[in-house]
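Undergrad: Got a structure for you, questions after.
The values are calculated or read from the model by the stated rules, or taken from the named source; none is laboratory data. Remember, it's a predicted structure, so these values are computed and weren't measured experimentally. Cβ placement follows ideal geometry from the backbone for every residue including glycine, while neighbour counts extend to all protein chains displayed. Heads up: the accessible areas ignore ligands, DNA and RNA and are worked out on the full protein's heavy atoms, side chains in. Shrake-Rupley method; radii C 1.70, N 1.55, O 1.52, S 1.80 Å.
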Amino acid sequence: MKYYLAIDIGATSGRGMLGHIENNEIILEEVYRFDNYLIKRENSLFWDIAKIYKSIIEMLKKCKEIGKIPVSLGIDTFGVDYALLDEQDELVRDIHSYRDSRTIKSKLDFEKHMSINELYLKTGVYPQLFNTLYQLYDDKEKGLLEKTKTIMFLPCYLGYLLTGVKYNELSIASTSGLINKDTFDYDNDILNLLGLQKENFANFKNNGELVGFLKKSVEEVVGYNLKVINIISHDTGTGVYGSKVKLNELFLSSGTWSLLGVLRENYDSRITCYEQGFTNELNGVGKVRFLQNIVGMFLINTLNNECEKLPITEVVERAKLGSNYKEIFDASLPNFLSTNSMKDEIIKYFKDRNIIPPQNLNELYFCIYNSLAHCYKKTIDNIENLTNQKYEKIIIFGGGSKNKFLNSLTEELTNKKVVVGPSEGSSIGNIMCQLLND
């Protein structure tokens with residue numbers, strides 16, 4: 001039997017999922033899971049790349065241990081973060097997390113050279129604080145790009161560590177704010193402002209294309225070799241692909257983030273789309289995710305970890321007890337992205353507006369779920385207005401799709417039929433991309 005390994009690295013955890021084909025379906029088995037956390041150093045946030053890489057090696061070793069050696073693997077991660085390599089192919093600096101606040105200043109400084117409107121018309125990407133563009137501008141201001149020879153997005157860098165082959169993938173690059181929507185390549189005007197050239201970025205490989213095989217040093221450690229395949233390497237993209245979302249269908253990738261949008265054929269970079277918070281991301285050839293980024297399960301998980309550390313089933317039951325609280329907050333605001341206390345941040349939101357805040361944790365839990373559902377409704381209303389189309393259903397996939405309580409709130413408020421897709425949509429999509437090379 002053939003096995004395929006999907007390596008899915010999320011913002012709070014990573015896992016290795018083995019898949020095989022049975023009756024024309026992909027059957028998944030989790031072989032390894034690890035916590036992914038940020039390292040705080042000198043008021044900056046970094047990913048623990050050494051731990052992530054070690055965990056990938058442990059996944060590969062585990063596959064051999066259980067006698068299910070995969071023929072190939074693919075790696076997907078969250079978007080925008082990247083590695084800078086010098087002439088000796090060593091990291092110029094540790095890999096920053098998109099949650100780092102360093103881009104607040106760099107975004108303002110970049111906008112002195114190119115307006116948000118011009119940038120959006122070029123790229124179709126909403127100017128989020130965490131975009132690669134603003135991260136790179138900070139690197140430029142600190143002189144780090146002068147030492148940089150090669151730039152790779154995070155999943156591709158992890159693939160490079162395994163194979164020694166440098167490459168990039170277009171769908172994850174399209175989240176960066178660097179890709180021109182008409183040429184599907186790096187925008188020269190933007191690169192000039194960064195002091196970069198296209199040659200600074202590792203070449204693109206196609207989805208389903210062979211990256212290479214494990215380096216000899218890696219093969220010796222794990223005890224076998226396999227193919228590394230370039231997949232749709234942004235986890236939202238693999239989720240959309242794995243959930244078989246069709247063109248002009250609404251989808252919600254429900255996890256740490258809530259990515260709510262519709263799959264379309266073309267970019268829509270009208271300023272009205274920017275004004276309503278929408279971004280455009282490639283999802284393979286001829287498909288664009290037109291969506292809004294909403295802070296998702298990060299809200300509830302952060303509050304729970306801060307206060308009680310309950311199983312999520314108990315959090316839901318507590319939320320039901322707090323349903324008498326009807327006020328909501330805007331879950332799309334960036335101040336909920338990174339905070340020392342989610343409880344304090346939510347309470348501050350209401351107090352700043354002279355609204356009585358939730359009085360206990362039950363009300364706080366319900367407030368989060370209710371606010372998310374209202375945010376989904378507002379976003380869908382905006383999508384329908386912008387696309388001049390009505391949608392009958394919304395496909396929800398990812399870990400949050402298992403939350404029946406939030407799904408019911410969403411169905412009730414949006415008046416859309418909720419279709420629950422696979423909770424492991426990213427892993428399924430990852431393997432589907434690998435099968436393109438089979």
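Undergrad: Can you tell which of 54, 64, 68 is touching a residue at least 60 places away in the same chain (Cβ under 8 Å), closer than 26 Å to residue 226 by Cα and open to solvent by 60 Å² or more (accessible area, probe 1.4 Å)?
TA: 64
Undergrad: What residue, among those in the range 411-429 that are farther than 30 Å from residue 29 by Cβ and not in a loop (DSSP other than H, G, I, E, B), is most open to solvent (accessible area, probe 1.4 Å)?
TA: Within the range 411-429, the match that is most open to solvent (accessible area, probe 1.4 Å) is 412.
Undergrad: Do we find a residue being in a strand (DSSP E or B) and in contact with a helix residue (DSSP H, G or I) (Cβ under 6 Å, 6 or more places away or on another chain) anywhere in the range 34-48?
TA: yes
Undergrad: Now a separate question. Tally the residues that are of a type in the set (D, E, K, R) and either under 9 Å from the mean Cα position of the chain (by Cα) or crowded, with 24+ Cβ neighbours inside 10 Å (or both), restricting the search to the range 232-260. Walk me through how you get there before you give the answer.
TA: Going residue by residue through the range 232-260, those that are of a type in the set (D, E, K, R) are 235, 244, 246, 249.
Keeping just the survivors that are either under 9 Å from the mean Cα position of the chain (by Cα) or crowded, with 24+ Cβ neighbours inside 10 Å (or both) gives 235.
Matching residues across the range 232-260 total 1.
Undergrad: Consider residue 377 against the criteria (1) open to solvent by 60 Å² or more (accessible area, probe 1.4 Å); (2) over 30 Å from residue 248 (Cβ atoms): it satisfies all of them except one. Which criterion is unmet?
TA: With respect to (1) open to solvent by 60 Å² or more (accessible area, probe 1.4 Å); (2) over 30 Å from residue 248 (Cβ atoms), residue 377 is out only on (2).
Undergrad: From the residues in the range 215-231 that are part of a loop (DSSP other than H, G, I, E, B) and within 16 Å of residue 2 (Cβ to Cβ), which one is most open to solvent (accessible area, probe 1.4 Å)? So that I can check it myself, show each step before the final result.
TA: First, the residues of the range 215-231 that are part of a loop (DSSP other than H, G, I, E, B): 215, 223-226, 230-231.
Checking the rest, the ones that are also within 16 Å of residue 2 (Cβ to Cβ) come to 224-226.
Details: 224: 16, 225: 58, 226: 4 Å².
Result: 225.
Undergrad: Something else: Could you say which residue among 74, 10 is at pLDDT 95 or above and surrounded by 14 or more Cβ atoms within 10 Å (Cβ to Cβ)? Let's see the steps before the verdict.
TA: Values: 10 fails: at pLDDT 95 or above.
Matching residue, one of 74, 10: 74.
Undergrad: Another question, if that's okay. Working carefully through the options 301, 280, 335, find the one that is on the phi < 0 side of the Ramachandran plot and open to solvent by less than 50 Å² (accessible area, probe 1.4 Å).
TA: On inspection, the qualifying residue turns out to be 280.
Undergrad: With the checklist (1) closer than 14 Å to residue 255 by Cα; (2) open to solvent by less than 20 Å² (accessible area, probe 1.4 Å) in hand, flag the one item residue 384 doesn't pass.
TA: In the conditions (1) closer than 14 Å to residue 255 by Cα; (2) open to solvent by less than 20 Å² (accessible area, probe 1.4 Å), residue 384 misses (1) alone.
Undergrad: Now for a different question. So residue 171 clears everything in (1) closer than 30 Å to residue 60 by Cα; (2) part of a loop (DSSP other than H, G, I, E, B); (3) open to solvent by less than 10 Å² (accessible area, probe 1.4 Å) except one condition, right? Which one?
TA: Tallying (1) closer than 30 Å to residue 60 by Cα; (2) part of a loop (DSSP other than H, G, I, E, B); (3) open to solvent by less than 10 Å² (accessible area, probe 1.4 Å), residue 171 fails exactly one: (2).
Undergrad: Filter the range 107-127 down to residues that are charged (D, E, K, R) and either open to solvent by 30 Å² or more (accessible area, probe 1.4 Å) or touching a Pro at 6+ places or on another chain (Cβ under 9 Å) (or both) and give me whichever is farthest from residue 279 (Cα to Cα).
TA: Ranking the qualifying residues of the range 107-127, first place goes to 112.
Undergrad: Conditions: (1) farther than 29 Å from residue 338 by Cα; (2) out of contact with any Lys or Arg (no Cβ under 7 Å at 6 or more places or on another chain). Residue 31 meets all but one. Number of the miss?
TA: The number of the failed condition is (2).
Undergrad: Return yes or no: is residue 91 of a type in the set (A, V, I, L, M, F, W, C), open to solvent by 10 Å² or more (accessible area, probe 1.4 Å) and under 23 Å from the mean Cα position of the chain (by Cα)?
TA: Numbers: of a type in the set (A, V, I, L, M, F, W, C): yes; open to solvent by 10 Å² or more (accessible area, probe 1.4 Å): yes; under 23 Å from the mean Cα position of the chain (by Cα): yes.
Considered against the rule, which asks whether it is of a type in the set (A, V, I, L, M, F, W, C), open to solvent by 10 Å² or more (accessible area, probe 1.4 Å) and under 23 Å from the mean Cα position of the chain (by Cα), residue 91 comes out as yes.
Undergrad: Continuing with the same structure: Across the range 13-24, what is the number of residues that are open to solvent by less than 20 Å² (accessible area, probe 1.4 Å) and touching a Lys or Arg at 6+ places or on another chain (Cβ under 8 Å)?
TA: So the answer is 3.
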